[in-house]
Amino acid sequence: MGRRKPGKYPFDYTAGDDRRFLDSGVGGTVRVLHGPGRGMGMTEGVVCRVEVTTADDGVLDVSHAGKLGKEHRLRGTAPGDRIGVEVTGRFDGDDCDCGSADCAPVLDELTSACVVQLTGDLDDVVRFGVGPAWAKVEAIDAGEYDDAVPTACHWGAGVRIRGGTLAL
């Protein structure tokens, strides 16, 4: 069985990738997102940290921006588990030179957190994050293109969890 040709950015998962995930027995996966930009593995001044914890505050995974878009399996989890996910991000590049009159650089560290119910179904996707351009980063990951470069007033940092839904 050959691999499918890669799809448009973001990377297209193959049927083989998903079968290996299902055979691994984990409840979901996590990937750090930052940008906006096509090269999500290139941080361009965006600093991001994602920590995933179990319901009893045990650390499952800690990821940072710049890991070349690696998707991490949440080992030690199973469908039905609840996990806590915390995203911390900031811009650590040059000052903004976008020239916009309404430019408002955000240089402070921002944090967001949520609880996710793992389903084990890779079609269930949760994305959340921080930063003035988080919506663009999220759109890029969902398959829409934007060729922007992060600046102090235009950056985003977050996470994509496959195999989970927001817990109520």
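With respect to the stated conditions, V115 fails to be open to solvent by 10 Å² or more (accessible area, probe 1.4 Å) and either acidic (D, E) or closer than 11 Å to H34 by Cβ (or both). Only a single criterion out of (1) in contact with an Asp or Glu (Cβ under 9 Å, 6 or more places away or on another chain); (2) open to solvent by 50 Å² or more (accessible area, probe 1.4 Å); (3) under 25 Å from A167 (Cα atoms); (4) modelled with pLDDT under 85 is not satisfied by K70, namely (1). Note on the range 142-168: among residues that are in a loop (DSSP other than H, G, I, E, B) and closer than 16 Å to L74 by Cβ, the one that is least open to solvent (accessible area, probe 1.4 Å) is G163. Residue by residue through the range 8-66, note down the ones that are open to solvent by 40 Å² or more (accessible area, probe 1.4 Å), modelled with pLDDT of 75 or more, aliphatic (A, V, I, L, M) and not in a loop (DSSP other than H, G, I, E, B). Scanning the range 8-66 gives V47, V59, L60, V62.
Here's the yes/no breakdown for (1) in a loop (DSSP other than H, G, I, E, B); (2) among the small types (G, A, S); (3) at pLDDT below 90:
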{"residue": "G80", "(1), (2), (3)": "yes, yes, no"}
{"residue": "C96", "(1), (2), (3)": "yes, no, yes"}
{"residue": "C114", "(1), (2), (3)": "no, no, no"}
{"residue": "F128", "(1), (2), (3)": "no, no, no"}
{"residue": "I140", "(1), (2), (3)": "no, no, yes"}
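Could you list, in sequence order, all residues of the range 125-145 that are among the acidic types (D, E) and in contact with a Lys or Arg (Cβ under 7 Å, 6 or more places away or on another chain)? E138, D141 - these are the residues of the range 125-145 that are among the acidic types (D, E) and in contact with a Lys or Arg (Cβ under 7 Å, 6 or more places away or on another chain).
The values are calculated or read from the model by the stated rules, or taken from the named source; none is laboratory data. No experiment lies behind these values; they were computed from the predicted model shown. Note that each Cβ is placed from the backbone with ideal geometry, even for glycine, and that neighbours are counted across all protein chains shown. These area figures cover heavy atoms from the full protein model, side chains too; ligands, DNA and RNA do not enter into them. Shrake-Rupley method; radii C 1.70, N 1.55, O 1.52, S 1.80 Å.
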